[in-house]
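One structure follows; several queries about it will come next.
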Amino acid sequence: MSDATRIDDLPVRDELRGKSPYGAPQLDVPVRLNTNENPYPLPEPLVERIAERVREAARNLNRYPDRDAVQLRTELAKYLTRTGHYPLGIENVWAANGSNEVIQQLLQTFGGPGRSAIGFEPSYSMHSLIARGTGTDWISGPRNEDFTIDLMAAERAIAEHRPDVVFITTPNNPTGNAVPPATVLALYEAAQAAKPSMVIVDEAYIEFSHGDSLLPLLEGRPNLVVSRTMSKAFGAAGLRLGYLAAHPAVVDAVQLVRLPYHLSAITQATALAALEHTDTLLKYVEQLKAERDRLVSELRAIGYDVIESDANFVQFGRFADSHAAWQKILDRGVLVRDNDVPGWLRVSAGTPDENDAFLDAVRDLKKELDA
Ligand SMILES: Cc1ncc(COP(=O)(O)O)c(C=O)c1O
């Protein structure tokens, strides 16, 4: 093979030709507020507990892990029952390596070649990328100018395209706004009337919301799935643990596509340790919510437009050239995210010091832009 061989010289699938992989720039700058991570490292007692549990798990690494992750799913179900105000058992919960893998398994099960999925954009771009990776056609659904879902247009799009899967991200990434439960219910009804299809509610950021989880909507709706993650509220993005809650039949269905032993014994042990420390971790969430609210009010005071946020990040603008503004903020030592939403940028809530550095940078930028 010659050194000049590139992806497109290989017999890759047609839909992958000319495409680039997903990924935010990982730049070495003093303040990184670009990937919606939790800025707080895990507390030391939890680090110790992880070490203990992983040591125990290491003694059995000659064996495959529990394929059904029984203990972990039981604890996740307890967490959801306690915080989501809706009773769930192990039969309702499934876990995988990040909610990205949960979504991939759902699309492998309910999407695929000859099938389609719709999302209301701008939204989490991995939904469309995982659709592409699983051979599922992608339909880009509409939003209003203020980034709320245009319900009538969305219902029309569902009726017209009859997608097999409908994605609703609440709170939405990158815009930060939550979707009202009534909108989710109306879209669910529209999706059932059109096909029926699966509706996936992506609640990756729900712990940061002013409102409650939509878990109670699962009652009597077997085609509804709520997907969640430990990457954000639990401050464990490096762990790679996502999970879903749904009717037991959905949990049975994803078994048809999951790889055997997909969730390593180390991952299961670490996640179980983190769940033992839920209450401490949720206290950090409260701090982050307060910092998020501070970012919203200070950005408005500086003179920026801000979308109301229920997440651990804030979308702000408007910029004549958002990429140039991104670069100018970067030049001041702060990395935010340019999600290709024209006129807007996104900043993740960091520690109070990181947020101060960001606010100084954008205050400075505003003066420069207004000059
Ligand atoms: C809306 C949304 N869903 C899912 C994910 C993926 O999270 P995980 O780390 O669990 O794969 C993200 C990550 O940024 C996200 O923004």
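Regarding Ala51, is this residue more than 24 Å from Tyr284 (Cα to Cα), modelled with pLDDT of 95 or more and of a type outside the set (Phe, Trp, Tyr)?
Against the criterion (more than 24 Å from Tyr284 (Cα to Cα), modelled with pLDDT of 95 or more and of a type outside the set (Phe, Trp, Tyr)), Ala51 does not qualify.
Only one of (1) assigned to a strand (DSSP E or B); (2) touching an Asp or Glu at 6+ places or on another chain (Cβ under 8 Å) fails for Leu282. Which number is that?
(1)
The conditions are (1) in a loop (DSSP other than H, G, I, E, B); (2) of a type outside the set (D, E, K, R); (3) modelled with pLDDT under 95, and Leu369 fails exactly one of them. Which is it?
(1)
Also, quick follow-up: Looking only at the stretch 229-249, which residues are more than 24 Å from Phe313 (Cα to Cα) and surrounded by fewer than 23 Cβ atoms within 10 Å (Cβ to Cβ)?
His247, Pro248, Ala249
Answer yes or no as to whether Arg132 is touching a strand residue (DSSP E or B) at 6+ places or on another chain (Cβ under 7 Å), surrounded by fewer than 18 Cβ atoms within 10 Å (Cβ to Cβ), more than 24 Å from Leu218 (Cα to Cα) and assigned by TED's automatic domain parsing to the domain that holds Ile266.
yes
Output the number of the condition that Lys283 fails; it satisfies all remaining conditions of (1) more than 30 Å from Asp370 (Cα to Cα); (2) touching a residue at least 12 places away in the same chain (Cβ under 8 Å).
Failing condition for Lys283: (2).
Further, regarding this structure: Would you please name the residue that is farthest from the ligand (Cβ to nearest atom), looking only at residues in the stretch 183-193 that are touching a strand residue (DSSP E or B) at 6+ places or on another chain (Cβ under 9 Å) and more than 23 Å from Ile307 (Cα to Cα)?
If we take residues in the stretch 183-193 being touching a strand residue (DSSP E or B) at 6+ places or on another chain (Cβ under 9 Å) and more than 23 Å from Ile307 (Cα to Cα), then Gln192 is farthest from the ligand (Cβ to nearest atom).
Within the stretch 135-170, which residues are aliphatic (A, V, I, L, M) and surrounded by 15 or more Cβ atoms within 10 Å (Cβ to Cβ)?
Residues satisfying the conditions are Ile139, Ile149, Leu151, Ala154, Ala157, Ile158, Val165, Val166, Ile168.
Of the residues that make up the stretch 171-182, is at least one touching a Leu at 6+ places or on another chain (Cβ under 8 Å) and either acidic (Asp, Glu) or near the ligand (Cβ under 9 Å from one of its atoms) (or both)?
No - not one qualifying residue is present in the stretch 171-182.
Can you find a residue in the stretch 329-338 that is under 21 Å from Asn144 (Cα atoms), touching a strand residue (DSSP E or B) at 6+ places or on another chain (Cβ under 8 Å), crowded, with 19+ Cβ neighbours inside 10 Å and in the same structural domain as Asn36 (by TED's automatic domain parsing)?
Yes, there is a match, as at least one residue in the stretch 329-338 is under 21 Å from Asn144 (Cα atoms), touching a strand residue (DSSP E or B) at 6+ places or on another chain (Cβ under 8 Å), crowded, with 19+ Cβ neighbours inside 10 Å and in the same structural domain as Asn36 (by TED's automatic domain parsing).
The values are calculated or read from the model by the stated rules, or taken from the named source; none is laboratory data. Everything numeric in this text was worked out from a predicted model, so none of it was measured. Don't worry about glycine lacking a Cβ; one is built from the backbone with ideal geometry, like all the others, and counts go over all protein chains shown.
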